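Asker: First the structure, which I've put down as structure tokens, then a few questions once you've had a look.
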Amino acid sequence: MVTKNFGMNTFVRSSRGLRTLPTAMQAQAVEAVRQQAKDRISQIDTERPVSPFLIDTFARRHDYLRISLTERCNLRCFYCMPSEGVELSPNENILTDEEVIRLATLFVRNGVTKIRLTGGEPTVRKNIVDIVGRLNELRQLGLRSIGMTTNGIALRRRLPSLVANGLTHLNISIDTLDPFKFEIMTRRPGHEAVLRSIEMALSIPELHSLKLNIVVVKGLNDTEVLDFIDMTRDKRLSVRFIEFMPFTGNKWDKAKMVPSSELLSRIASRHPKVTRASDALNDTARNYFIPGYNGSFGFISSMSDHFCGSCNRLRLTADGQIKVCLFDAKEISLRDQMRQGASDEELLQTVGYAVRGKNEKHAGMEDIDVVTNRPMILIGGASMKSLNKKKRSSLSYLNSRPHQPHRNTTTGPRPFSTCSTARSDATRDRLTHIDDTGRPAMVTKSAYDLVTSAEALPDTSDTNVTKTATQKAVDKARSKGNVLTVAQLAAIMGCKRTSDLIPLCHPLPLSHISVSLSLDGPRSVERSRGLEEFTTSGPDVRHASELNDRPPFSIVCQATVSCEGKTGVEMEALTAVSVGLLTVWDMLKAIAGREMVIGDIVVQRKEGGKSEDFVRN
């Protein structure tokens, strides 16, 4: 009789098969496994300490770096690339070999022990064999493994040289065993080439690990799960079923996603002795094996059961942006800093800034922002051809400004630009995210509106303040940017981050945000087409010191927020106006003086939700 531990489950193997240990013994076994894990973590920390710059605010230690070598790919998988294609970055924007090695060296010196090369398709990168060889030289600094994720199309002839130069771990993507279905999913031929690459990999004993990645899509390839399991009977490999994930342009639909729990039930119905295997530290997959089989299988449940709590991964895109989470659109450019002459210390400060900004977990499947995040193929690159000019402009601002560290006189990153590769597309008949006046505007998806209005008042101490004087103050501040436009963008960004700012607010899937700021005079409320709107009338002559009165002229901010669902969005609208007016105050304080007053911020109108509608008298 032999006792075995598999993850958190303990079994006894006897002539009668597997049986579960008694409850008390289970508890002891679980505690023993936990202690072993703690001891192993402590040993790793002692052997290979991680720099504080690679530890986030949730104490996660990032010792795994994924480097995208290219945006290009020789397949067109529908879940990875939009059907209309993508616009690739110019070659000069892609990291050079020297830049890749410099950044890899920096990360390894500070605690990274595992590097994985990705794309695009990494095998289309020139000199990839040499790059692997140069990365292999970093073993003397603490690097332990070099992996690669590939589609296998152009791998077979290069694989022996790659392994000889230091490649230790290989993942090959193959979503179907049907050659006809393969062309449907990848929009290209090449199924036989991938199978030949798998056979080549199995024939190289120096390769430490071979895994097959299968993105499972309901109604397309989910019926092949058991066929992939059968491959593990005689082959020394692991197949990993990956939940269909949302990215820009892949037409993700929750109904197309098959939860890993459902797949496991199907497998267990065919193989009732399926057993949970012990998972490696920080492993993304939940691993299992079938007694008597040479291989294993696992599930990467990014959507239904995320593994954010143990995430130790950082990503370096092909154009040199550091990306701390696959589902987070925020990026910071290390390439630009390098090309501006930044030292390794300055680069490390920027890396630390990005890591400290990593969220505890990514959004749920209902809330992931697939508008500003890159298509999967470009977790190394530029932007979709279908993105219009203003959408790209907003993306550039969102990606760079919130994460640009302040300049420190002694240490810290230099100022830099993070999205210099964004380009316009003048072929569109109409820019969907620009209104008739040329200002940015979100596309409306719902009719559930809430309007909030407030005023920021430049220098209310003078009864002779005029609209002209206010305009001059705004014009003078243009060296810091267009005041009203910057405030508008800040208001929209603040609205989206309400749940991060207000502790008891839940994150909501907002369908529309509209923010307007204007130089305005006294207002009157008029009803137009059933909606409350603000209009201006002649000059106001009342004294500004009368708190209940309106000053001569002011800047008016109005926000309309919509959400699909039975919930209110008052807090989102109030946050938008507050952040917008605080931005105006910040940009004008040196010119208009610090006696400016932010007036009452009130909810003007609410429609929908669980509570009754509201209109302020």
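Every number in this text was worked out from the coordinates using simple rules, so none of it is lab data. No experiment lies behind these values; they were computed from the predicted model shown. When we count neighbours, we look across all protein chains shown, and the Cβ atoms used for this are built from the backbone with ideal geometry, even at glycine.
Asker: Starting from the stretch 154-220, pick out the GluC sites (Glu not before Pro) whose DSSP state is loop and whose Cβ has at most 16 other Cβ atoms within 10 Å.
Answerer: Answer by residue number: Glu206.
Asker: Simple spin-label model, 7 Å along Cα-to-Cβ: Glu99 to Asp230 in nm?
Answerer: 4.8
Asker: Can you list residues whose amide H is under 5 Å from Arg116's amide H, if they're 5+ apart or on another chain and H is modeled 1.01 Å from N?
Answerer: Hits under the 5 Å cutoff: Leu65, Arg66, Ile67, Gly147.
Asker: Then there is this: Using θ = phi - 60° and the Karplus form 6.51 cos²θ - 1.76 cosθ + 1.60, what ³J(HN,Hα) does each residue of the stretch 161-176 get, whole Hz, x for Gly and Pro?
Answerer: Here the 3J(HN,Hα) series is 5, 5, 5, 4, 8, x, 5, 10, 10, 9, 10, 10, 8, 8, 8, 7 Hz.
Asker: Right, next: Subtracting the Cα-Cα distance from 0.36 nm times the residue separation, let me have the gained length for Arg139 to Asp344 in nm, one decimal.
Answerer: 71.9 nm
Asker: Report the full-extension gain for the segment Leu582 to Arg356: residue separation times 0.36 nm, less the Cα-Cα distance, to one decimal in nm.
Answerer: Length difference between fully extended and current span is 78.9 nm.
Asker: Follow-up. Which entries in Lys211/Lys496; Lys181/Lys361; Lys496/Lys610; Lys235/Lys361; Lys256/Lys606 show an alpha-carbon gap greater than 29 Å? Could the numbers behind the result be given before it?
Answerer: Details: Lys211/Lys496 39 Å; Lys181/Lys361 34 Å; Lys496/Lys610 21 Å; Lys235/Lys361 35 Å; Lys256/Lys606 35 Å.
Beyond 29 Å between Cα atoms: Lys211/Lys496; Lys181/Lys361; Lys235/Lys361; Lys256/Lys606.
Asker: Let me ask something additional. So what J values fall out for the stretch 217-226 if you push phi through Karplus, 6.51 cos²θ - 1.76 cosθ + 1.60 with θ = phi - 60°, rounded to Hz, Gly and Pro as x?
Answerer: 10, 4, x, 10, 10, 5, 6, 9, 4, 5
Asker: Which ³J(HN,Hα) values, rounded to whole Hz and listed in residue order, are derived for the stretch 574-580 from phi using the Karplus coefficients 6.51, -1.76 and 1.60 in 6.51 cos²θ - 1.76 cosθ + 1.60 with θ = phi - 60°, glycine and proline given as x?
Answerer: Result, ordered by residue: 5, 5, 4, 5, 4, 5, x Hz.
Asker: What's the extension gain from Ala59 to Glu564 if we count 0.36 nm per residue and subtract their Cα-Cα distance?
Answerer: On the way: separation 505, 0.36 × 505 = 181.80 nm, distance 3.58 nm.
Length difference between fully extended and current span is 178.2 nm.
Asker: Right, here's the next one. In nanometres, what is the gap between the two model label sites at Ser499 and Asn482, each 7 Å from Cα along Cα-to-Cβ?
Answerer: 3.1
Asker: Also, quick follow-up: Quickly work out the Lys218-to-Glu595 label distance, labels modelled 7 Å from Cα along the C-beta direction, and quote it in nm with one decimal.
Answerer: 6.5
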